[in-house]
Amino acid sequence: MAPIAVGDSLPDGQLGWFDENDQLQQVSVHALAAGKKVIVFGVPGAFTPTCSNQHVPGFITQAEQLKAKGVDEILLISVNDPFVMKAWAKTYPENKHVKFLADGSGSYTKALDLELDLTEKGLGVRSKRFALLADDLKVTVANIEEGGQFTISGAEEILKAL
């Protein structure tokens, strides 16, 4: 299997998410993305320095500009449980548009073929850092980082592509 790429369709999968009423839901990626222009971005872990201080804040602060350019949904995925993702989301009170979605078992990350083995660092198998832009489930931009880099998967790069 090859990592998800431009021209591929987003696979479907179930992710955990706390809704507006603070109720834990399992949500289908296709239900969130079908018929819409969406950004799906992934990070190696909640509360980790680069993810928390750069990657996620970039999408939160650029969300209005992304929406103004036609983006319907901004979906953050991390291989963490939904309770961790909920706690992490609460550290960004200014967030109005980024959905924090949990891939607890890593099965969706595996379906994207974007797994990153961080076992040697005590983190287990996580997600590579990435940002995808998809229009009605078809990937139009696939910015996938190597290792722990943060050079091409930020909100600024997606804005340039819109």
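The values are calculated or read from the model by the stated rules, or taken from the named source; none is laboratory data. Computed from a predicted model, the values in this text were never measured in an experiment. Using ideal geometry, Cβ is built from the backbone for each residue, glycine included, and neighbour counts are taken over all protein chains shown. Calculation scope for accessible area: heavy atoms of the full protein, side chains included, ligands and nucleic acids excluded. Shrake-Rupley method; radii C 1.70, N 1.55, O 1.52, S 1.80 Å.
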> Does LYS128 fit the bill of being modelled with pLDDT under 95 and within 12 Å of the chain's Cα centre (by Cα)?
Replying inline: yes
> Is it the case that HIS30 is over 18 Å from SER105 (Cα atoms) and open to solvent by 30 Å² or more (accessible area, probe 1.4 Å)?
Replying inline: yes
> Looking at LEU101, is it of a type outside the set (Ser, Thr, Tyr), over 13 Å from ALA46 (Cβ atoms) and surrounded by 13 or more Cβ atoms within 10 Å (Cβ to Cβ)?
Replying inline: no
> Do we find a residue being over 24 Å from GLU157 (Cβ atoms) and either open to solvent by 10 Å² or more (accessible area, probe 1.4 Å) or not acidic (Asp, Glu) (or both) anywhere in region 49-66?
Replying inline: no
>> Please go through region 33-46 and give me each residue that is of a type outside the set (Val, Ile, Thr), open to solvent by less than 10 Å² (accessible area, probe 1.4 Å) and farther than 30 Å from THR119 by Cβ, ordered by number.
In response: ALA33
> Residues of region 112-161 being among the polar types (S, T, N, Q), in contact (Cβ under 8 Å) with a residue 40 or more places away in the chain and open to solvent by 30 Å² or more (accessible area, probe 1.4 Å), which ones?
Replying inline: THR140
> Looking at (1) basic (Lys, Arg); (2) under 22 Å from GLN23 (Cα atoms); (3) modelled with pLDDT under 95, which is the one condition that is false for LYS86?
Replying inline: (3)
> Got a sec? Which strands (runs of 3 or more DSSP E) wholly within region 47-134 have at least 3 residues that are in contact with a helix residue (DSSP H, G or I) (Cβ under 8 Å, 6 or more places away or on another chain)?
Replying inline: 73-78, 98-102, 124-127
> If you check ASP72 against the conditions, is it free of Cβ contacts under 8 Å to residues at least 40 places away in the same chain and surrounded by fewer than 14 Cβ atoms within 10 Å (Cβ to Cβ)?
Replying inline: no
>> Please pick out the residue among LYS69, LYS37 that is under 22 Å from ARG129 (Cα atoms) and basic (Lys, Arg).
In response: LYS37
